[in-house]
Number of protein chains: 2
Amino acid sequence: MTVIFSKKCEYGMQAILYLAAREKGTLVSADEISKVLKIPREFVSKILQSLRDSGLISSSKGKSGGFSLAKPASRIKLIDVVAAIDGLEMFDSCVLGFQECSPTHPCPVHNTWGPLRTQTYDMLTSETIDKLKEKTLHKISSL
Amino acid sequence: MTVIFSKKCEYGMQAILYLAAREKGTLVSADEISKVLKIPREFVSKILQSLRDSGLISSSKGKSGGFSLAKPASRIKLIDVVAAIDGLEMFDSCVLGFQECSPTHPCPVHNTWGPLRTQTYDMLTSETIDKLKEKTLHKISSL
DNA sequence: ATCAAATCAGATATTTTTATCTGATTAAAG
DNA sequence: CTTTAATCAGATAAAAATATCTGATTTGAT
Ligand code: SF4
Ligand code: SF4
């Protein structure tokens, strides 16, 4: 089973939250992120590379290189990470796994699942990651 | 990515809903379920076997054998299928994938995700599958 | 008795996800 | 210029999820 998002996506969200919390213009290495968030080093490294390809973060090579947000935290939302890694299809698909999905042929849990799905989407869309900074730092302090 | 539940679990929910909708004491073969719900035959067969092991449905072997609910549809809920196949851990875990989870160290989306998770649980828990019968039939007619 | 149609258990295969390895490149610092 | 610490791309490995196969057993109908 999974909890909505793939590991890649979860780690990606954690990492970008960490970058936002950590940022004062500084570059953060994959190694640091790996240690703080307890994510396998090479794995998070690959995820960071893909987020860079998506334009959410940028990177510098060489000694004292690392990663940083590609734009202000006030302009990045968690949904951006989801879109970049897992894609947004889940917000159009049925929780019961039925293929067809239309208002005229709702699945049996349509009435309750529909609104929940929308709320989940809103949760990822409404707040920019700078707003989540404090809570991220508090959370990380407990890892 | 996944949409909360594994394929096995989605198929299991579909199958048990179909059994509830189809039931007039009749036995339903794995082949019929496979064809109606468009699920690979051998795969749904395995899933049905595991639901039988869990005591949710019962089966008869031999010609004109098949599956039926082990108890009245009014006493089965979708959460039973989730518990039997995927387990209930998702309702205790973090949408961002953080390991530790406690009210004192909430993850950054705690305030919004917590209630949503509870609502999702409620959705699967509040209605018994006989209540979903009509909508299931309508849904299936469109496959 | 034989046949046909079904479940059943266990093995196997395929695909996807998760994770690691290898070696190349880059750039700062000594 | 050499060392060191980092990203990078591509290949590979390991694990989990998804799907199929194989042959045995059961049971109703012919
Ligand atoms: S919950 Fe409603 S909208 Fe979503 S797939 Fe089912 S029928 Fe379609
Ligand atoms: S959402 Fe809240 S309860 Fe759930 S894991 Fe995050 S902190 Fe814990």
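For the reader, a short list of remarks on this structure follows.
- Just one of (1) farther than 21 Å from B:PHE5 by Cβ; (2) free of Cβ contacts under 8 Å to residues at least 24 places away in the same chain; (3) surrounded by fewer than 17 Cβ atoms within 10 Å (Cβ to Cβ) fails for A:CYS101. It is (1).
- Unique residue being closer than 20 Å to A:ALA21 by Cβ and among the polar types (S, T, N, Q) when the list is A:SER102, A:SER126, A:SER93, A:SER50: A:SER126
- Per-region count, segment B:88-126, residues under 21 Å from B:GLY12 (Cβ atoms) and either within 16 Å of DNA strand C (Cβ to nearest atom) or touching a strand residue (DSSP E or B) at 6+ places or on another chain (Cβ under 7 Å) (or both): 5
- Taken together, B:PHE5, B:PHE43 contain a single residue that is away from ligand 1 (no atom under 16 Å from the Cβ), under 30 Å from A:LYS8 (Cα atoms) and not hydroxyl-bearing (Ser, Thr, Tyr), which is B:PHE43.
- Some residue of segment A:20-33 being within 14 Å of chain B (Cβ to nearest Cβ), of a type in the set (Gly, Ala, Ser) and either in contact with a helix residue (DSSP H, G or I) (Cβ under 7 Å, 6 or more places away or on another chain) or near DNA strand D (Cβ under 7 Å from one of its atoms) (or both): yes
- Evaluation of B:GLY12 against (1) at pLDDT 95 or above; (2) over 12 Å from the mean Cα position of the chain (by Cα) (one fails), failing number: (2)
- Unique residue being surrounded by 17 or more Cβ atoms within 10 Å (Cβ to Cβ) and closer than 20 Å to B:ASN111 by Cα when the list is A:LEU78, A:LEU143, A:LEU137: A:LEU78
- In segment B:22-75, residue surrounded by the most Cβ atoms within 10 Å (Cβ to Cβ) [restricted to those that are without any contact (Cβ under 8 Å) to a residue 12 or more places away in the chain and acidic (Asp, Glu)]: B:ASP31
The values are calculated or read from the model by the stated rules, or taken from the named source; none is laboratory data. All of these numbers come straight from a predicted model, not from anything done at the bench. A quick note on method: Cβ atoms are made from the backbone with ideal geometry, for glycine too, and the neighbour counts reach across all protein chains shown.
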